[in-house]
Structures are given as C-alpha cells and as structure tokens.
1. Tally the residues that are surrounded by 15 or more Cβ atoms within 10 Å (Cβ to Cβ), part of a loop (DSSP other than H, G, I, E, B) and free of Cβ contacts under 8 Å to residues at least 24 places away in the same chain, restricting the search to the stretch B:180-219.
2. Return yes when residue B:177 is assigned to a helix (DSSP H, G or I), within 18 Å of the chain's Cα centre (by Cα) and either under 23 Å from residue A:55 (Cα atoms) or modelled with pLDDT under 90 (or both) and no when it is not.
3. Residue A:212: touching a residue at least 12 places away in the same chain (Cβ under 8 Å), within 14 Å of chain B (Cβ to nearest Cβ), part of a helix (DSSP H, G or I) and within 30 Å of residue B:91 (Cα to Cα), yes or no?
4. Does residue B:119 count as facing chain A (nearest Cβ under 7 Å) and surrounded by fewer than 24 Cβ atoms within 10 Å (Cβ to Cβ)?
5. Of the residues that make up the stretch B:50-71, is at least one touching a strand residue (DSSP E or B) at 6+ places or on another chain (Cβ under 7 Å) and either within 27 Å of residue B:142 (Cβ to Cβ) or within 9 Å of another protein chain (Cβ to nearest Cβ) (or both)?
6. Assuming residue B:154 fulfils every condition listed in (1) part of a helix (DSSP H, G or I); (2) touching a strand residue (DSSP E or B) at 6+ places or on another chain (Cβ under 9 Å) apart from one, which condition is it?
7. Go through (1) surrounded by 18 or more Cβ atoms within 10 Å (Cβ to Cβ); (2) more than 19 Å from the chain's Cα centre (by Cα); (3) at pLDDT 90 or above for residue A:100 and report which single condition fails.
8. For residues that are away from every other protein chain (no Cβ under 13 Å) and assigned to a helix (DSSP H, G or I), scanning just the stretch B:30-49, find the one that is surrounded by the fewest Cβ atoms within 10 Å (Cβ to Cβ).
C-alpha cells in the first residue's frame, strides 16, 4: 500500500516534468496556461473527494468556498486604501507590512493589502465559514445535506453578484501577482501571476501545490483519522459506538475541504488576475461533484486524474457551448452505470494500490 | 460496574421501558431476556447513549451516563455490538478492527497528514494490536478481505473484535447468536466466557435460551418494558411468572426439560 503511494507520486512528478518538456519541444507552451488552471481546479476536487468519497458527506456548495478565497484575496489586493492611509488601523497594518504600495494600469498610486495577507485572510475566512456553517448543517444527512450546502452556494453567489465591493456581475480584475514566500531569501522571485514570462514557473507552482496537497490527503486517508472518516461513511452509528466523535470529525473534514477549495480559489485568482461570479455559481459546484463522482469517489488518484483531465479539456474548449451540459450528462451517466466512477470499471484495482483499502460505494 | 435506577423510556404513547432497575456487578455475565418487543434493544440503546431515557439514572463506574453521547460512553469503557450486524461498508476486516483502536489512540488531522513519527509509531501499534484480536477471534486469515463480504458468523466475530479493540470494561452484546447455527452458538458461548475471564464484564441480550442459561451469572427478565424477574439461571427457569409470561403455559415442559439438561 505504502510503496504504491510513493510509486504513484513519483510517476506524477515525472509526468509533470515530461509534459513541460513536451510542450517545449513541440512549441506548444500555450498549453501550460490551461494545465496550470486545471491543477488548481483539481485541488478543489481532491479536497472534495475526501469529504464526499471518504467521509460520505456531500457538498454542492464548494464553489462557494473557492469564491470566498478568490474573491476576498482579489478584493483586498485591488481596492485602494490610500484615502484611509492615516486611520490608526491602517497605520498599524502598514507598520506590520500587511499593506503594500503599488501603481495601477494608469500609473495611479495604490495602497492595498499584501497578497500573502489577503491569501491568509481568504483561506481563514473560508475555514471559519465552513466551521460555522458545518455545525448545524452536518447534522443533516443525504439529500438534506445536499440541499443545505446547495443553499450555501446560492447565498455566496448572490452575495458576490450583489455586492459592489466584489464587483457585482463584472467580478474583480487587475488582481496583482502574489509572491509565494515573501520573507524567504531567494524565493522572492516565485510569483503566482499570469504574466507571460512567468508561465513555466506558475505551471510548477500549481502542480507543486497539487502534488503536496495530494500527498497530505493520501497520508490522511491512511491514518487514524482517515479510518475514522471511512467508518463514519460506513455506519455513523457503529462509528459512534466505538468512540468516534462523528460530529467533530465531519466538521473537521468539511473545514479541510473548504481550505483546499479556498486555497485553489486564491491562487487561481492571482494567476488569472481576475475572478468573476461564474466561479461561485451552482453549476461550478455541481461540476466539482461530477468530477469526484466520475473519478470514483473514494479514490483520490481516480479523482485527481479525472478532475484534472476533464477540466483541462473543458478549458481548452473541447466541449464548446455544451460545456455545462457535458458535465451534467457525465454526472447522470456515472450515477446510472458506474456509481463507483468510470475508472472503477477497469483501472480501479490498479489505482487502489496507491490509495489503500477496498472500494467504497457511493 | 453498571447500575440502572428507575429507567423509563417513552416513544410517544408507548412505554418501551418502564421503571427498570438492576445492577451489573464487575466481572459477571449478566443477561437480559424477554419476548420480542419487551424493550431489550431499547434498554441497550439507553445504556450505550444512542437513546436518552425519559426518566431514571444510569450509573457506569459510579458516574451518571444518561444523556451522554455514544462516543463519550465508549471512551469511558463501554462498548457494544449490534443485533443487526453493523460493519463499515468498504473497509477490510483489519481496518474495521483498527477503527476500534480509535479512542485509545490520539493522532489527529495534522499528525496524519504530515505522517509525524509519533503517528507512525502509533499506527504500527494499532496494526499489531488489531492483528492480535483477529487471531484471538480466529479471523486473522480474512484480515484483508472486505468485512461485509464475509459469512454471517465471521461478521459477528469482526464486530466482537472491533468492540474489544476499544478495551472495554463493560461489553454489551446484542443477540450475538442471532442467525447462527448450534455449533457457531456454542463457539460464541465459549468466547463470551473467555471475554469474562479476560476481566471484561458482559451484559448480554439474547433469544437463544440455551446460550443464556449456560453462561449467565444472573438474568433479568423483561416483559412489555417491565422487569418481571431477576435471579440466577436455575431460579429463572423455575420462576412460574417467567415461564408464563415469557414462554407461555405450553412451553413449561420444554423449559423444565432444559433445566434437567443443564443440571446433568
């Protein structure tokens, strides 16, 4: 089991490097943009897979957490605080290096929240909201939980659509790049940004984050907590009877998946330089659920592969105007013919050797 | 070990458990018998924290546990099995029993995700202890099979191993012989005495009279939610009220003949 995990990790790392090499050799480096974006979306999907596939708790509102991260980080790093510079709070924040100065496209002076602080704020807010939302909502089961999380997604969508601070229907643009490790010498040049010259490093930042995220989740599902989560999925009553605090673990994994989604939201927003309300839409949440389902639910590798590849095809415009219809159709077909996911039909045994344990049913 | 004082449970207009009091002394095998619908499983759910009593107190290790959550009761050292086998779908036998070590171990989300050395050492210990339990119950050969794919008797053994993995002081067994043939039932009887000899107190709900009479130190008889008798097995077998209410007049002869069997 363990050796399988590391073998798959190694294969993934080699593939990531090989794909970069291939685009370079064939002069098709424009693919890197969608490859980078797909990696961030895959990050959302693997986090959701642990919640849905392993712990058995559905969420049709994960685009909401993605949007909380992306929007907060985007808004904080673009709204000019210059007129309020003298207020005591901002003076303090500036002294703590939480603010940064810059210029907008027209050369006007800008004072904004530094991206690292905005990122932290976005992710922590998403985690906090997941915590507050999760306490009542995770008492619900099955369809009722699905409805409640759907409602949460709708609320977030309505908030970003109706709030001037979040740009209403236009969303937020001109989001600046984001230095990943601002304090660390030599790492200052690692910037999350859509800048053409930074395309290659951003490809590696995105995939690096996805690989680390994947590694942590693979460890988790093999651990005491991972077993407890799968036990909750299997039988909440029996799990509680042997001492698993089911409410607490459901809440923690809900928060964890919200952190994954919001982190992806933050990074992708800084990479794209913008975020719009479509990122918070229900259709996005449904798409994430479809990707988890098609990847095999309790199969992190399957979910990673399907989540990345279908998103990549979608971003390349393969599905054209039928994009959303394709994901809807996929969801229906998976539920009808392969509730364990498409990959479950053939490759599941093989892939399972990388994630441990037998297949869990939806 | 366990003491029930005037426990009531009402479901709407139905008095499922009515003023039941009894104690389970440490180191004993105590059984609760009664006809279908007598409130035995309800009583179990009250003790295990799945249900909250309408009135009355339940003391476990001299501490009131009524109203506590099942996982809290489990953490105190009270574990149970289920009448309808309740295994974790999709988990192997070994993993299922490893979950039973949950409350005796501590690695959290971060320790698990980062694979801290402490968590890895703990993981190893969990695995070893769980394998020991599988061997004890004779199901080690199935360690890597999906638990729900096993035969009925083996699934019950997995449940038992999972309950034992929590290191209980008191083990509640809800009809452990239901659906088993006489050979498997005899096996279960041997095993329950063995659990008792390991120092674990046992509270048993059972339909199989031979099993109950053979291994119990004391028996409580429930009928329509009320306790109608509490005594040693031989006395219960002679108790006319028990014979009338629990077995019906016609079966008196059967029960007496069984009493002869156990004496011989």
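The values are calculated or read from the model by the stated rules, or taken from the named source; none is laboratory data. Note that the structure is a prediction, hence the values are computed from the model and not measured. Don't worry about glycine lacking a Cβ; one is built from the backbone with ideal geometry, like all the others, and counts go over all protein chains shown.
1. Of the residues in the stretch B:180-219, the ones surrounded by 15 or more Cβ atoms within 10 Å (Cβ to Cβ) are B:180, B:184-189, B:191-192, B:195-196, B:200-219.
Pick out the ones that are also part of a loop (DSSP other than H, G, I, E, B) and you get B:180, B:200, B:206-208, B:216-217.
If we keep only those that are free of Cβ contacts under 8 Å to residues at least 24 places away in the same chain as well, we get none.
Here the count works out to 0.
2. Values: assigned to a helix (DSSP H, G or I): no; within 18 Å of the chain's Cα centre (by Cα): yes; either under 23 Å from residue A:55 (Cα atoms) or modelled with pLDDT under 90 (or both): yes.
Criteria not met by residue B:177.
3. On the way: touching a residue at least 12 places away in the same chain (Cβ under 8 Å): no; within 14 Å of chain B (Cβ to nearest Cβ): yes; part of a helix (DSSP H, G or I): yes; within 30 Å of residue B:91 (Cα to Cα): yes.
Answer is no for this residue.
4. Working: facing chain A (nearest Cβ under 7 Å): yes; surrounded by fewer than 24 Cβ atoms within 10 Å (Cβ to Cβ): yes.
Judged against the criteria, residue B:119 is a match.
5. Taking the stretch B:50-71 first, the residues touching a strand residue (DSSP E or B) at 6+ places or on another chain (Cβ under 7 Å) are B:51, B:53-60, B:64-66.
From what is left, the residues that are either within 27 Å of residue B:142 (Cβ to Cβ) or within 9 Å of another protein chain (Cβ to nearest Cβ) (or both) are none.
No, every residue in the stretch B:50-71 fails to be touching a strand residue (DSSP E or B) at 6+ places or on another chain (Cβ under 7 Å) and either within 27 Å of residue B:142 (Cβ to Cβ) or within 9 Å of another protein chain (Cβ to nearest Cβ) (or both).
6. (2)
7. The number of the failed condition is (3).
8. Quick first cut of the stretch B:30-49, residues away from every other protein chain (no Cβ under 13 Å) only: B:30-40, B:42-43, B:46.
Those left that are additionally assigned to a helix (DSSP H, G or I): B:40, B:42-43, B:46.
On the way: B:40: 24, B:42: 22, B:43: 29, B:46: 25.
Within the stretch B:30-49, the match that is surrounded by the fewest Cβ atoms within 10 Å (Cβ to Cβ) is B:42.
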